[in-house]
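Structure, as structure tokens:
The values are calculated or read from the model by the stated rules, or taken from the named source; none is laboratory data. Owing to the predicted nature of the structure, the values given are computational and were not obtained by experimental measurement. Here the Cβ positions follow ideal geometry from the backbone for every residue, glycine too, while neighbour counts run over all protein chains shown. Surface accessibility is based on the protein's heavy atoms, side chains included, excluding ligands, DNA and RNA. Shrake-Rupley method; radii C 1.70, N 1.55, O 1.52, S 1.80 Å.
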Amino acid sequence: MEEIRAVRLTEEDELFILDQRKLPQEEVYIVTRDYREVIYAIRTLAVRGAPLIGIAAGYGVYLAIKELGDNISFDDFYRSFTRVKEEFANSRPTAKNLFFVLDLVDRLIMENRILPVRKLKSKIRAFVMKIEEKEKEASFRISEFGSRLINKKSRILTHCNTGSLATSGLGTALGIIKMAWKSGLVDMVFVDETRPLLQGARLTSWELEKLGIPYRIVTDNMVGYLMSKGLVDYVIVGADRITKRGDVANKIGTYVLAVLCNYHSIPFIVAAPTSTFDFSIEKGEDIVIEHRNEEEILSLAGCRIAPSGARAMNPAFDVTPSRLVSFIVTEKGVLEPPFEENIERLVL
Ligand code: MRU
């Protein structure tokens, strides 16, 4: 399967970021050595999807600390790192993977504080590359494990984009679909448009198109109709943060899908690497939900669609309680209810 690399650090330390705001019309890259541009790319969704946000932030932190002089003291180095870490942490609050990577880099620095700054820098570079590689492996394992849950040629509905544009590999939910398709188990993929930023219509369809996987884009409000007509065999989605007891924050609209699946007895499958789990949070209500600019609702493709003076609400994610989830697929295996117990056993 063709590999799309949405983020790539070159030998010369230039960061290439595929600008997802411009897809599918234009395939252009942001090329930068400036960490501020990486933060801006994350904030504006030029780079997006929980695992990829983490990886981009890791490279961004590396670019930031690379700017520091080699002769500064460790304390000055760490003070600068903490400031940059904070800036990245404030870019998007919901995806755990961002904080996962920032905290890992923090720990690496503390553990290697005796090293000269120059060596610390190259250690961080290699470390982030390793994280990227591990996430790639994780999405491959998730795709393998998850595809085994599909037991007949199926019609699968997915939400948002969880493919190579959201990870460093095949993807999570979309990785499962790609793998299942390879095994002849996909009849049709229903791609939720995913209002307001259309990650489904613009990005998931772009990935499926490249692979020749049959799909139909549907608007988010068509899913009830499809299910009531018996046209959906599985719903597979990704996650931005999963709590200790298995509550799942994911792209706005996911909760509606889970409720509908429950009503229609359709398996509702969540796919995510263990870097998405947050063991410091018990229940979904405690997950910080990003609220984005209301302009994203009031306009479509740069064109105002609401009357002037109209106001909107724009929560970017919602939370699905674990009781509505059938399976959580991780790189370590497939979790079934009771999630709290099984998460602890498999993931921790
Ligand atoms: O706002 P986005 O596009 O970053 O939201 C992405 C999602 O909600 C994905 O489903 C999630 O991050 C998982 S990506 C493997």
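Okay, residues lined up against (1) among the hydroxyl-bearing types (Ser, Thr, Tyr); (2) not in a helix (DSSP H, G or I):
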| residue | (1), (2) |
| --- | --- |
| Ile4 | no, yes |
| Leu45 | no, yes |
| Ile55 | no, no |
| Tyr62 | yes, no |
| Ile65 | no, no |
| Leu68 | no, yes |
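Looking only at segment 171-194, filter to residues that are touching a Cys at 6+ places or on another chain (Cβ under 9 Å) and not aliphatic (A, V, I, L, M); which one of those is farthest from Asp233 (Cα to Cα)? Step through it out loud before you land on a result.
Keep residues of segment 171-194 that are touching a Cys at 6+ places or on another chain (Cβ under 9 Å), which gives 173, 192, 194.
Pick out the ones that are also not aliphatic (A, V, I, L, M) and you get 192, 194.
Working: Asp192: 15, Thr194: 20 Å.
Ranking the qualifying residues of segment 171-194, first place goes to Thr194.
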Inset, instruction - May I ask you to verify whether Thr32 is within 16 Å of the ligand (Cβ to nearest atom), open to solvent by less than 50 Å² (accessible area, probe 1.4 Å), closer than 28 Å to Leu174 by Cβ and not hydrophobic (A, V, I, L, M, F, W, C)? - result: no
Legend entry - Matching residues, segment 206-216, being touching a helix residue (DSSP H, G or I) at 6+ places or on another chain (Cβ under 6 Å) and within 16 Å of the ligand (Cβ to nearest atom): none
Legend entry - Yes/no for Ile176 being open to solvent by less than 20 Å² (accessible area, probe 1.4 Å), within 13 Å of the ligand (Cβ to nearest atom) and either of a type in the set (A, V, I, L, M, F, W, C) or assigned by TED's automatic domain parsing to the domain that holds Glu14 (or both): yes
Legend entry - Subset of segment 194-205 that is more than 13 Å from Arg21 (Cβ to Cβ) and not in a loop (DSSP other than H, G, I, E, B) - its residue that is farthest from the ligand (Cβ to nearest atom): Ser205
Legend entry - Subset of segment 233-255 [of a type in the set (A, V, I, L, M) and either more than 15 Å from the ligand (Cβ to nearest atom) or under 10 Å from the mean Cα position of the chain (by Cα) (or both)]: Ala239
Inset, instruction - Would you check if there is a residue in segment 37-48 being surrounded by 19 or more Cβ atoms within 10 Å (Cβ to Cβ) and among the basic types (Lys, Arg)? - result: yes
Legend entry - Verdict on Thr274 being open to solvent by 20 Å² or more (accessible area, probe 1.4 Å) and modelled with pLDDT of 95 or more: yes
